[in-house]
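Chemist: Before I ask anything, here is the structure I am working with.
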Amino acid sequence: MIYNSQMECMDRSALRQLQTQRLRETLRRVGAVPFYADRLPGNGAAVSVDETDSLPFTTKQDLRDQYPFGLFAVPQRELARVHATSGTRGKPTLVGYTRNDLATWAELCARLLAGAGARPGDTLHVALNYGLFTGGLGIHGGAERLGCMVVPASAGSTHRQLLLMNDLHPAGLKATPSYALHLAEVAEQEGFDPRSFGLRYGIFGAEPWSETVRARLEDRFGFRAYDSYGLSEMLGPGVAWECGHRNGLHLAEDHFLPEIIDPATRRRLPPGEEGELVLTSLTKEAYPLLRFRTGDRTALLPDPCPCGRTHIRIDRIRGRVDEMVIIRGVNLFPTEVERVLLSFPELQPRYQVRLWRDGALDNAEVLVEARRPAEADQAALAHRLKTAIKQELGVSMGVRFASVPDGEGRNKALRVIDERNGVS
Ligand SMILES: [Zn+2]
C-alpha cells in the first residue's frame with residue numbers, strides 16, 4: 001500500500017519543480033531568522049534545487065549555540081509542541097513544530113508504516129521512548145493517521161511489553177534494533193515464544209544496524225524487518241524508510257532535499273558515492289534548516305524502485321561520521337564489529353569497543369558477554385572471534401569477557417569508548 005501515491009509516485013521533473021518552489025518559500029521563511037539572514041546570498045529567491053552551493057551549511061554545534069529559540073522561524077505562541085534531542089553532554093537541542101508541521105510529520109510516519117505493510121485496523125506496538133525523544137510520539141501520530149490502534153508501550157518494563165504482545169497480538173512492532181534484540185532475549189528467558197505473537201512486520205531505526213541483526217530479528221520474531229531513518233532536527237522518524245523491496249530507504253523528497261558531501265572538503269558528491277548526508281527542510285514552518293549536516297554516512301541510490309515510488313533512496317546508514325574510528329589506519333564503524341560478533345551464537349548481541357594508546361600505538365579491544373558463561377570455553381571463543389575480526393575487518397583487536405551494558409530504556413547504546421585523546 002502506498003499512503004500518498006500522488007506525492008510518493010510523482011513524476012521526477014514535476015517533483016524537482018515542486019522542490020524548487022518549496023525551497024524558495026523556505027528561503028523566504030528563514031529570512032526571519034537572524035542566524036540565516038546574516039548568511040544568505042542576496043539572490044536567495046532565485047536559487048534552484050540544483051544550485052544550493054551558495055547556501056550556508058548548518059551544523060549540530062549551530063543548533064546548540066542557538067538554544068533554545070534562536071533558529072525558530074515563528075514566535076513561541078505559534079508553536080504546538082517542542083521535542084529535544086538526546087544530547088550527550090551540555091545543552092540539548094530544542095526542536096519545535098507548528099500544527100502544520102505536526103500534520104506533515106504524521107503523514108510521513110503514516111507513509112513509513114504503510115511502506116512496511118501496515119494497514120488501517122492494524123494494532124501497532126510502539127516500544128520507543130515517549131517524551132522529549134521524537135521516536136515514540138512521532139510514530140504514534142503516524143499510526144493514528146493511518147488508522148491503526150496503537151499500544152504506546154514506550155521503552156523499558158520488558159516483561160510487561162512481552163505480556164502485552166503475547167495477549168494483544170499486534171501486527172507490527174516499532175522499536176530500536178538493540179531493544180528488539182533485548183526483547184527477544186528476555187522472551188527466551190521468561191518462556192515466551194515471540195513467533196507466536198503473530199507479528200507481520202517490525203520497523204527499526206534510531207541507531208545504525210546491520211543485515212545480520214535483521215536476519216536475527218526475523219528469525220526470533222517471525223516477521224519481516226524494515227529499516228527506517230529519521231532525526232529530530234528534521235521532524236523525527238519518517239524522513240526515509242524501506243518499501244517492500246528493501247533495497248534502500250525512500251527519502252520523502254517532497255519535504256526534504258538530500259545531498260551527499262565529502263565531510264572533509266564539504267564538496268557535493270555524485271549519486272552512488274558514500275559521504276555525509278546533508279538535508280534541507282522544504283516545508284517546515286517552525287524550525288526550517290538549510291543544508292543540515294546530519295553526521296550520518298550513506299549514499300544516494302538514484303535507480304528507479306519497482307514499487308513505483310519515485311523518491312530517491314538512501315543506502316542503509318553505515319554509521320555516524322563522528323563514530324567512524326581509525327585504528328592503525330583502518331576505517332571502522334562499530335556496526336561492522338557488530339556484524340562479525342553476531343555470527344557467534346554463543347555471544348550476547350551486545351558489545352563495547354575500547355580504544356587506547358600505548359606510546360604512538362593504537363590499541364583496541366572488544367568487550368563481549370557469553371550467553372551461558374558457565375558453559376562457554378571463553379579462551380577458545382575469544383581466539384575464534386579475534387581471528388574473525390582480523391580476517392573480516394582487517395584490524396587486530398583484543399577480546400575480553402565482561403558485563404556489557406545493553407542500552408535498555410536508552411535511545412542509543414554506547415558502543416565505543418575512545419580513550420586515545422583523553423576523551424571517554
Ligand atoms: Zn520502493
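The values are calculated or read from the model by the stated rules, or taken from the named source; none is laboratory data. All values derive from a computational prediction rather than experimental measurement. A quick note on method: Cβ atoms are made from the backbone with ideal geometry, for glycine too, and the neighbour counts reach across all protein chains shown. Ligands, DNA and RNA are excluded from the accessible area calculation, which covers all protein heavy atoms including side chains. Shrake-Rupley method; radii C 1.70, N 1.55, O 1.52, S 1.80 Å.
Chemist: So which residues in segment 138-161 are in contact (Cβ under 8 Å) with a residue 60 or more places away in the chain and either surrounded by 23 or more Cβ atoms within 10 Å (Cβ to Cβ) or not polar (S, T, N, Q) (or both)?
Modeler: As a first pass, look at segment 138-161 and keep what is in contact (Cβ under 8 Å) with a residue 60 or more places away in the chain: 138-139, 142, 146, 155-156, 158.
If the condition is that a residue be in contact (Cβ under 8 Å) with a residue 60 or more places away in the chain and either surrounded by 23 or more Cβ atoms within 10 Å (Cβ to Cβ) or not polar (S, T, N, Q) (or both), then GLY138, ILE139, GLY142, LEU146, ALA155, GLY156 are the ones that fit.
Chemist: How many of the residues in segment 223-269 are among the basic types (Lys, Arg) and within 16 Å of the ligand (Cβ to nearest atom)? I'd like the intermediate steps shown before the answer.
Modeler: Step one: list which residues in segment 223-269 are among the basic types (Lys, Arg), which gives 224, 246, 266-268.
Cutting the leftovers down to within 16 Å of the ligand (Cβ to nearest atom) gives us 224, 246.
Matching residues across segment 223-269 total 2.
Let's see how each residue does on (1) closer than 28 Å to THR20 by Cβ; (2) out of contact with any Asp or Glu (no Cβ under 9 Å at 6 or more places or on another chain); (3) of a type in the set (A, V, I, L, M); (4) surrounded by fewer than 24 Cβ atoms within 10 Å (Cβ to Cβ):
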{"position": "PRO208", "(1), (2), (3), (4)": "no, no, no, no"}
{"position": "GLU211", "(1), (2), (3), (4)": "no, yes, no, yes"}
{"position": "LEU217", "(1), (2), (3), (4)": "no, yes, yes, no"}
{"position": "ARG220", "(1), (2), (3), (4)": "no, no, no, yes"}
{"position": "TYR226", "(1), (2), (3), (4)": "no, no, no, no"}
{"position": "GLY244", "(1), (2), (3), (4)": "no, yes, no, yes"}
{"position": "GLY275", "(1), (2), (3), (4)": "yes, no, no, yes"}
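Chemist: On the basis of being open to solvent by less than 30 Å² (accessible area, probe 1.4 Å), part of a strand (DSSP E or B) and away from the ligand (no atom under 13 Å from the Cβ), does ASP296 make the cut? Please lay out each step first, then the result.
Modeler: Numbers: open to solvent by less than 30 Å² (accessible area, probe 1.4 Å): yes; part of a strand (DSSP E or B): yes; away from the ligand (no atom under 13 Å from the Cβ): yes.
Taking the combined requirement at face value, the residue satisfies it.
Chemist: Test ILE312 against the criterion of being within 16 Å of the ligand (Cβ to nearest atom) and either within 26 Å of ASP62 (Cβ to Cβ) or of a type in the set (A, V, I, L, M, F, W, C) (or both), and give yes or no.
Modeler: Details: within 16 Å of the ligand (Cβ to nearest atom): yes; either within 26 Å of ASP62 (Cβ to Cβ) or of a type in the set (A, V, I, L, M, F, W, C) (or both): yes.
Yes.
Chemist: Let me ask another. Take the residues in segment 376-398 that are among the hydrophobic types (A, V, I, L, M, F, W, C) and without any contact (Cβ under 8 Å) to a residue 12 or more places away in the chain, then tell me which one is most open to solvent (accessible area, probe 1.4 Å).
Modeler: Going residue by residue through segment 376-398, those that are among the hydrophobic types (A, V, I, L, M, F, W, C) are 376, 379-382, 385, 388-389, 393, 395, 397.
The next check asks that each one be without any contact (Cβ under 8 Å) to a residue 12 or more places away in the chain; those that pass are 379-380.
Numbers: ALA379: 77, ALA380: 45 Å².
Among those that are among the hydrophobic types (A, V, I, L, M, F, W, C) and without any contact (Cβ under 8 Å) to a residue 12 or more places away in the chain, it is ALA379.
Chemist: Only one of (1) away from the ligand (no atom under 16 Å from the Cβ); (2) surrounded by fewer than 22 Cβ atoms within 10 Å (Cβ to Cβ) is not met by THR280, so which one is it?
Modeler: Against the list (1) away from the ligand (no atom under 16 Å from the Cβ); (2) surrounded by fewer than 22 Cβ atoms within 10 Å (Cβ to Cβ), THR280 comes up short only on (2).
Chemist: Any residue in segment 298-320 that is under 16 Å from CYS243 (Cα atoms) sitting within a Cβ distance under 9 Å of a residue that is of a type in the set (Gly, Ala, Ser) and not in a loop (DSSP other than H, G, I, E, B)? List the pairs, counting only those 6 or more apart or interchain.
Modeler: Cβ pairs passing all conditions: CYS307/GLY115; GLY308/SER5; ARG309/SER5; ARG309/GLY115; HIS311/ALA240; ARG313/ALA240; ILE314/ALA240.
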